[in-house]
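Computed from the coordinates by the stated procedures, all read-outs in this text should not be read as laboratory data. Here the structure is a predicted model, which means the values were calculated and not measured. Glycine gets a Cβ as well: all are built from the backbone with ideal geometry, and neighbour counts include every protein chain shown.
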Amino acid sequence: MNKAKMYLGSEEKSTPNVIEVKNPFNSNIVSTYPACGVDDVEMAYLKAKSASKETKKSPLHQRVSWLEDVADKLEEQSEKFAKLICDEVGKPMVFARGEVTRCIETIRLSAHTMISIGGESFDTTAMPSGKKTLAFFKRVPVGVALAITPFNFPLNLVAHKIAPALVSGNAVVLKPSSAAPLCAYSLAKLFIQSPYAIKDALSVVYSGEGVNDALVTSKIPRVISFTGSVPVGNSIIKKAGIKRIALELGGNAATFIDKSANLKDAAKKCAVGAFVNSGQVCISLQRIYVHVEVYDEFSKLLAEQSSKLVTGNPYDDKTFIGPMINEDAIDKAKIWIANAKQEGAKVLFGGTNKGLVLEPTIMVDVKEDMNIVCQEVFAPIVSLIAKDNYEEAKQSMNDSLFGLQYSIFTNDLAMTTDAIDELEAGGVVINDIPTLRFDIQPYGGFKHSGIGKEGPKFAIEDDYTEVKSVVICS
Ligand code: NAP
């Protein structure tokens, strides 16, 4: 069994009081983490504050080499890291491997992006009141960043915060999900043990009494980058005070299947979008609006595709759907299915579970105010809803508290351009699932789905650097 340790700056610290993490599929204890306290948070912040003076002055080539070195090491140990993800959160190995690959790419992208981030000069004689000067702006690091990450992508979402933050010259305090401490610790260790590392630039603390409030209310971090649920995001924004706050929150992603679409292709993609990672993806496909003329045919195709998905043991390479993260998560999913059935919905496919593994579940005859439709379900449950036309589907998609990503499947150009302009979401995908994300793209939601964008370039510009304006007069 593996023990995650605290990093207070570059120094490891253990405590006798450890918390066990169990694999969600077989309940084996796979890791432990030390319960942290407010003192640990304060120490991590003090070290980060002092280190930020060094990170700011460090040459960019060193920070780029640092990230490249971590990416190389991660590549060498990719199977070990995939197994860690599978151990801690039960993600099927095939997708855990995919997450490690993406994590390597995120780190490399962050390094490459920073090389081309710069400032701009401007002409101060543009206004009659101006005069000739040398004027420009440059980007400077914010200092200390707090990064808080969720369980569902326990490696790549850590990388999406610490890689852009460190390469742009900051120090970081990381607080990972309690469900996956070892994934975060093992990645942090690669950063901290790299020959290019800057001492004390990265700390890792875990949950414990008073830790969340101490992290969020401290005056030391200039930025909080949070990925997680809406209620926690809400609590952070209320407590944080004057800081930059980036919130990557939940969603209830939707798509529209037009009658002009390639139905077979759409059904195949939608089965992936709705059920990958047991629906525990912020852009998991939860609502499928289907043109009424192709509803029956599409429903049949989707059920057919879903029946091909192998469920069960996440360590088996053939498994597509593994366990949900814990009892609470599956209980919530089952209650929401039962409530929907009581109100008239029907299960077209799936609906039952073995342990924490819930079958891919397709619901029909739903109403749009049911929890499985209008809230974030975060489980392998998708609802099929017939619509007379695209306009009606668009109205339903937009009638949501969330706005992370939407998609449409169509061969109609006018519909495509309308969707790009009118769908109220941070991302719109045409002819694929809303679950599609490339790590290079700006990623983040409208409405309750959050504030700000992740993706190395956008995180560096919006979160981890500030614009400093300079005027030189002769
Ligand atoms: P969560 O319960 O909100 O937890 C996220 C992180 O916040 C964890 O590290 C958690 O620590 C910490 N936390 C809990 N309470 C806190 C508080 N009061 N103050 C500060 N931090 C606190 O979310 P989750 O269940 O791990 O992840 C699922 C959610 O994340 C879903 O809603 C999903 O949509 C969202 N998500 C969004 C994106 C995106 O990019 N938009 C990506 C992935 C996931 P503990 O683990 O110790 O409780």
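Two decimals is fine: what's Rg over Rh for region 400-474, C-alpha atoms, Kirkwood radius as Rh?
Details: Rg = 16.7 Å, Rh = 14.3 Å.
Answer for region 400-474: 1.17.
Given 335, 323, 78, which one lies farthest toward the positive end of the charge dipole of the chain, if we put +1 on the Cβ of every Lys and Arg and -1 on the Cβ of every Asp and Glu?
78
If you place +1 on the Cβ of every Lys and Arg and -1 on the Cβ of every Asp and Glu, how big does the dipole about the Cα centre of region 253-438 come out, in debye to the nearest 20? All intermediate terms of the calculation are to be shown ahead of the outcome.
Values: 17 positive and 27 negative charges, 145 e Å.
For this selection, approximately 700 debye.
Relative contact order of the chain: what whole-number percent is it, with Cα pairs under 8 angstrom and at least 6 residues apart? Don't jump to the answer; show the numbers that get you there.
Details: 1117 pairs, mean separation 89.4, N = 474.
Taking the mean separation of contacting Cα pairs over the length of the chain, I get 19 percent.
Give me the angle, in degrees from 0 to 90, between the Cα long axis of helix 181-193 and the longest principal axis of the Cα atoms of the chain, rounded to the nearest 10.
On a 0 to 90 degree scale, this one is about 30.
Can you tell me, using C-alpha contacts under 8 Å and at least 6 residues apart, the relative contact order of region 10-132 as a whole percent? Write out the running numbers ahead of the final one.
Numbers: 91 pairs, mean separation 27.3, N = 123.
It comes to 22 percent, rounded to a whole number.
Computed on alpha carbon atoms, what radius of gyration and Dmax characterise region 79-166, expressed in Å?
Values for region 79-166 (Cα only, Rg and Dmax): 20.6, 66 Å.
If you take every residue apart from residue 176 with its C-beta less than 12 Å away from the C-beta of residue 176, what net charge results, scoring Lys and Arg +1 and Asp and Glu -1? Before the final figure, lay out each step's value.
Details: positive: 161, 175; negative: 88.
With Lys, Arg at +1 and Asp, Glu at -1, the net is +1.
Determine, for 177, 278, 225, the number of other Cβ atoms within 10 Å of each Cβ, and report the residues in order from fewest to most.
By the 10 Å Cβ count, ascending, the order reads 177, 225, 278.
Using modelled amide H (1.01 Å from N, peptide plane; none on Pro or chain starts), what sits under 5 Å from the amide H of residue 403, excluding residues fewer than 5 places away?
252, 446, 448, 449
Give me the net charge for the shell around residue 91: Cβ to Cβ below 10 angstrom, other residues only, Lys and Arg +1, Asp and Glu -1.
Values: positive: 97; negative: 87, 88, 99.
Counting the neighbours of residue 91, the net charge comes to -2.
Quick one: what are the phi-derived ³J(HN,Hα) couplings along region 366-381, Karplus 6.51/-1.76/1.60 with θ = phi - 60°, whole Hz, x for glycine and proline?
Ordered by residue, 3J(HN,Hα) equals 8, 10, 6, 9, 6, 3, 5, 9, 9, 9, 7, 7, 6, 7, x, 10 Hz.
Note the per residue figure in Å³ for the convex hull of the C-alpha positions in the chain.
Values: hull volume 73.6 nm³, N = 474.
With only Cα atoms used, the chain gives 155 Å³ per residue.
I'd like the distance between the alpha-carbon centres of region 134-182 and region 375-439, rounded to an integer number of Å.
The two parts, judged by their Cα centres, are 30 Å apart.
Separation of region 199-213 and region 62-86 by C-alpha centroid, Å?
22
How charged is the neighbourhood of residue 460? Take every other residue with its Cβ under 13 Å from the Cβ of residue 460, and add Lys/Arg as +1 and Asp/Glu as -1. Mind dumping the intermediate values first?
Details: positive: 63, 139, 161, 244, 453, 457; negative: 454, 461, 462, 463, 466.
Around residue 460, the surrounding residues sum to +1.
Treating each Cα of region 165-269 as an identical point scatterer and ignoring solvent, apply the Debye formula and state log10 I(q)/I(0) at q = 0.14, 0.16, 0.23 Å⁻¹.
Log10 I(q)/I(0), no solvent term: -0.70, -0.82, -1.38.
In whole Hz, what ³J(HN,Hα) sequence does region 382-394 give by Karplus (6.51, -1.76, 1.60; θ = phi - 60°), x for Gly and Pro?
10, 10, 9, 9, 7, 9, 5, 6, 4, 4, 5, 5, 4
Enter the angle in degrees (range 0 to 90, nearest 10) between the Cα long axis of helix 263-275 and the first principal axis of the Cα atoms of the chain, meaning the one along which they spread out most.
That helix lies at roughly 60 degrees to the long axis.
May I ask for the distance between the Cα centers of region 97-121 and region 264-338, given as a whole number of Å?
31
For region 63-162, state which trypsin sites (Lys or Arg not before Pro) are in a DSSP loop and have at most 16 other beta carbons lying within 10 Å of their beta carbon.
Working: sites: 63, 73, 80, 83, 97, 102, 108, 131, 132, 138, 139, 161; in loops: 131, 132.
Listed in order of number, the matching sites are 131, 132.
Give the relative contact order (percent, whole number) for region 253-438; include only Cα pairs under 8 Å separated by 6+ residues.
Working: 379 pairs, mean separation 56.7, N = 186.
Over region 253-438, the number comes to 30 percent.
For the residues 125, 32, 106, what sequence is obtained by ranking on other C-beta atoms within 10 Å, fewest first?
Ordered by Cβ neighbours within 10 Å, fewest first: 125, 32, 106.
Excluding residues fewer than 8 places away in the same chain, name every one of the lysines whose C-alpha is closer than 24 Å to that of residue 318.
22, 80, 83, 91, 264, 268, 269, 300, 308, 354
What percentages, rounded to whole numbers, describe P(r) for region 253-438 computed over all alpha carbon pairs with 5 Å bin width beginning at zero?
1, 9, 19, 22, 22, 15, 8, 3, 1, 0
Under unit Cβ charges (Lys, Arg +1; Asp, Glu -1), what dipole magnitude, rounded to 20 debye, does the chain have relative to its Cα centre?
Numbers: 52 positive and 56 negative charges, 327 e Å.
Here the size comes out at about 1560 debye.
Once both axes come from the Cα atoms, what is the angle between helix 413-422 and the longest principal axis of the chain, in degrees from 0 to 90, rounded to 10?
That works out to roughly 50 degrees.
Roughly how compact is region 334-392, stated as its Cα Rg over 2.2 N^0.38 Å to two decimals?
In units of the 2.2 N^0.38 Å rule of thumb, it is 1.14.
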